[in-house]
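The values are calculated or read from the model by the stated rules, or taken from the named source; none is laboratory data. This structure is a prediction, so every number in the text was calculated from the model and none was measured. Because the Cβ atoms are built from the backbone with ideal geometry, glycine has one as well, and the counts that use them run over all protein chains shown.
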Amino acid sequence: MTHYIVRRLLFAVPTLIAISFILFALLDLAPNDPTGQLPLTIPAEAREQIRESLGLGQPFHIRYARWMEQFFVNEPLNLIEQAFGIEIGDSESRLRVRSWATRSPVVDLIIERLPQTLWVVGLSYLIGILIAVPIGIVSAYRQYSWFDQLGTFVSMIGFSVPTFFTGLLAIIVFSVALQWLPSIYDTTHRVTDLASFWLQIKQMAMPVMVLALFNAAQISRFMRAAVLDNLTQDYVRTARAKGLRERVVLFIHVLRNSLIPVVTLIALGIPTVFGGAIITEKIFRVNGIGELLITAIQGADIPLVQTLSFLFAVLIVLFNLIADVLYGVLDPRIRYG
Amino acid sequence: MTAAEEDRQVEPVAGPASRQPVLSVRDLRTRFRTPDGAVHAVNGIGFDLHEGELLGVVGESGSGKSVTMLSLLKLLPMPPAEIVSGQALLDGEDLLALDPARLRHVRGAKVGFIFQDPMASLNPVLSVGYQLTEPLRTHLGLSRRAARRRAAALLEGVGIPAADSRLGDFPHQFSGGMRQRVMIAMALACDPKVLIADEPTTALDATIQAQILDLLQRLRRERGMAIVWITHDLGVVAGLADRVMVMYGGQAVERADVRSLYARPQHPYTRSLLRALPKIEGGSRGERLASIPGQPPTLVRAPDACPFAPRCAHAFARCHAENPALAAVTESHEVACWYDAEAGVPRAA
């Protein structure tokens, strides 16, 4: 197993280098100008100087190499320094990947935004799973019952109605009409006592539930299909023929088999949690990663877009590996050598 | 091995002579509700099974052999299946009338089941040891350790070498024949009175098939349990069974002592089946095997006529109008047919 993981990680290196190159090249080819958002009164020579100062005067391959150095060497070194409070070499003059728009290091921006995204999107993913798995099991076990019909109906809604609709609907109902929940997520809010904790829950409720509905819809369908698939297998009949309780048949025999594809699906979905939920974050004004990315794209903040996209790529490659390893752990028929 | 188990092994086998049946099934009817109407899968099957007896149930695919046996323990998916009528007495208890909790105490404890495909019938993600200890812990209330010891002994008993070390293995780590041995060990775990073997050797190759047959014969002698052996292989039945029930279209068309059945087959269906067997001597080379014309019945119609009539060479008007019931030809031989095949004339009404 260790051998397999190491090999997969080594294979990931060329993949990621290729991805970084494609990302860099695509963004470079895209027609954009970092000075485009600046006032029109700024003369052309000044704009040219700004571009020079951002390093845009150099040829493509030099810029790509510089970015590689900054991202793979300088930023990790910086993170290590921060984590352990030590100094490695000349950290003052070490170049970091900086946002064109704010001139602050991209990694700092991401670290600043990550907690909001993880709390809101991560929690919604977790709640989605916790809702979806039992619903999927019961729906499959009682196929075509009213519970299953209702579950199917709600899943279809969660699946097909976009979050910008359910989000706005939730705001109209809970913020405008009932005035129960705040419609704007206050990132600066600090939990210090019970009252502020309650406010935190209230401001998280809508974005989390809107996203949870969407996630639960997908996972519950998948769970239902997996359980249905296994319920008709011969080994279920064997388990019943042994005189086991229905509970044991369902939760030990059927569930163990049904969870294999679902766990894989869940693992593959985790990178999207880090990626944030652009639309939902935008609607509820959650200052998360998705918000950061969309603002960066609008402002042609290439280093930020580049770094964020590449980090998503790293996460996707990583969780693909994790999903494969989990598959091998859950299914004894699969052995990695 | 416990003292009780050793006792049982030296006990002389109670043959078919003991007259009180272990399992007695009467007028079992099972239907499947489908969008195209009801499928009458089992139409009034009845049989007695005595201690130590091996009853061979023969018939082609779709004749209702498996459905009959699965109905007894309600192992069919319900719906679409429903048991319309019937009685199945085991130890004076009607299995078909038991509530689910009581039925669970019969399944695996008093009646063991072996299924056809040992790969699909074992749970792929649970270890063989776990699956084997399940019935032991459920029915006998054994502790984890005791159940494990017993499971190892069971595997040893069905001829799996190094049984102790194989308990942690998963089904895919066993060969086909070994998997079927595991299935057998599982079915026998709680010393059932009745073992139902649903085509246990069909998925195996010929050598392994012979080994499994030997194994089951030995276990039957050792434990004196009654076996229902479902198969479409008349050769297997001839060498194994005490009595045979031939099924066609969800009905028993002939029921007889094994010798009597092969010596004097009565029903036209049985006779054609026996003619369809390849012969080692006698038949000249290049001679084609006899086959039965037509297709097996679809069973959508209610059983108001002889199900075999459309394919029967001897069918006459009555066969299409009335469904014959089993009637005794000799003391140990019953047939459900309006035509006396031996005499070549219709039976007297």
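What the table below lists for this structure:
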{"read-out": "Every residue from the stretch A:28-41 that is surrounded by 12 or more Cβ atoms within 10 Å (Cβ to Cβ) and free of Cβ contacts under 8 Å to residues at least 24 places away in the same chain", "value": "A:T35, A:L38"}
{"read-out": "The stretch A:73-86 residues that are under 15 Å from A:P105 (Cβ atoms), paired with ones that are modelled with pLDDT of 80 or more and of a type in the set (S, T, N, Q) (beta carbon under 8 Å, 6 or more apart)", "value": "none"}
{"read-out": "Selection within the stretch A:188-231 - hydroxyl-bearing (S, T, Y) and either free of Cβ contacts under 8 Å to residues at least 12 places away in the same chain or in contact with a Phe, Trp or Tyr (Cβ under 6 Å, 6 or more places away or on another chain) (or both)", "value": "A:T188, A:T192, A:S196"}
{"read-out": "Residue in the stretch B:209-223 that is under 21 Å from B:S24 (Cβ atoms), buried (at least 18 other Cβ atoms within 10 Å of the Cβ) and among the hydrophobic types (A, V, I, L, M, F, W, C) present", "value": "no"}
{"read-out": "Residue that is surrounded by the fewest Cβ atoms within 10 Å (Cβ to Cβ) [pool: residues in the stretch A:185-200 that are under 20 Å from A:L114 (Cβ atoms) and of a type outside the set (S, T, Y)]", "value": "A:R190"}
{"read-out": "Candidate set: the stretch A:226-235, residues that are within 25 Å of B:H105 (Cβ to Cβ) and surrounded by fewer than 21 Cβ atoms within 10 Å (Cβ to Cβ); chosen: the one farthest from the other protein chains (Cβ to nearest Cβ)", "value": "A:L231"}
{"read-out": "In the stretch A:202-253, residue farthest from the chain's Cα centre (by Cα) [restricted to those that are acidic (D, E) and more than 22 Å from B:R102 (Cβ to Cβ)]", "value": "A:D234"}
{"read-out": "Total residues in the stretch A:238-253, condition facing chain B (nearest Cβ under 9 Å) and surrounded by 20 or more Cβ atoms within 10 Å (Cβ to Cβ)", "value": "8"}
{"read-out": "Unmet requirement for B:L155, which otherwise passes all of (1) out of contact with any Cys (no Cβ under 6 Å at 6 or more places or on another chain); (2) crowded, with 22+ Cβ neighbours inside 10 Å; (3) within 13 Å of chain A (Cβ to nearest Cβ)", "value": "(3)"}
{"read-out": "Filtered residues of the stretch B:170-191 (kept if more than 10 Å from chain A (Cβ to nearest Cβ) and either closer than 17 Å to B:G56 by Cα or out of contact with any Leu (no Cβ under 8 Å at 6 or more places or on another chain) (or both))", "value": "B:F174, B:S175, B:M178, B:D191"}
{"read-out": "Flag if B:L122 is within 9 Å of chain A (Cβ to nearest Cβ), aliphatic (A, V, I, L, M), surrounded by 17 or more Cβ atoms within 10 Å (Cβ to Cβ) and over 22 Å from the mean Cα position of the chain (by Cα)", "value": "no"}
{"read-out": "Answer residue from the stretch A:1-46, given it is touching a Gly at 6+ places or on another chain (Cβ under 8 Å) and of a type outside the set (A, V, I, L, M) and is nearest to A:L304 (Cα to Cα) among those", "value": "A:Q37"}
{"read-out": "Helices (runs of 4 or more DSSP H) (entirely within the stretch B:185-297) containing at least 3 residues that are small (G, A, S)", "value": "B:234-240"}
{"read-out": "Residue check, B:V194 touching a residue at least 12 places away in the same chain (Cβ under 8 Å) and within 15 Å of the chain's Cα centre (by Cα)", "value": "yes"}
{"read-out": "Neighbours by Cβ (under 8 Å, 6+ apart or cross-chain): first from the stretch A:117-135, under 23 Å from A:L150 (Cβ atoms); second not in a helix (DSSP H, G or I)", "value": "A:S124/A:A277"}
{"read-out": "Matching residues in the stretch A:47-64 - criterion: being surrounded by 12 or more Cβ atoms within 10 Å (Cβ to Cβ) and either out of contact with any Gly (no Cβ under 7 Å at 6 or more places or on another chain) or farther than 22 Å from A:S104 by Cβ (or both)", "value": "A:R47, A:E48, A:Q49, A:I50, A:L54, A:G55, A:L56, A:G57, A:Q58, A:Y64"}
{"read-out": "Candidates A:D33, A:D28, filtered to the one that is assigned to a helix (DSSP H, G or I) and farther than 30 Å from A:T187 by Cα", "value": "A:D28"}
{"read-out": "Of all residues in the stretch B:233-256 being touching a helix residue (DSSP H, G or I) at 6+ places or on another chain (Cβ under 8 Å) and at pLDDT below 85, the one that is nearest to B:S175 (Cα to Cα)", "value": "B:V236"}
{"read-out": "Verdict on A:G269 being of a type in the set (G, A, S), within 19 Å of A:I129 (Cβ to Cβ), modelled with pLDDT under 85 and surrounded by fewer than 23 Cβ atoms within 10 Å (Cβ to Cβ)", "value": "no"}
{"read-out": "Count of the stretch B:86-119 residues which are more than 7 Å from chain A (Cβ to nearest Cβ), more than 16 Å from the chain's Cα centre (by Cα) and among the small types (G, A, S)", "value": "4"}
{"read-out": "Helices (runs of 4 or more DSSP H) wholly inside the stretch A:219-325 containing at least 1 residues that are among the small types (G, A, S)", "value": "A:234-241, A:255-275, A:289-298"}
{"read-out": "Any chance B:A88 is within 26 Å of B:M69 (Cα to Cα), in contact (Cβ under 8 Å) with a residue 40 or more places away in the chain and in contact with a His (Cβ under 6 Å, 6 or more places away or on another chain)", "value": "no"}
{"read-out": "Criterion: farther than 29 Å from A:I283 by Cβ and touching a helix residue (DSSP H, G or I) at 6+ places or on another chain (Cβ under 7 Å) - qualifying residue of A:A170, A:A83, A:A132, A:A140", "value": "A:A140"}
{"read-out": "Single residue of the stretch B:311-341 satisfying the filter (of a type in the set (D, E, K, R) and surrounded by 11 or more Cβ atoms within 10 Å (Cβ to Cβ)) that is farthest from B:Q295 (Cα to Cα)", "value": "B:E334"}
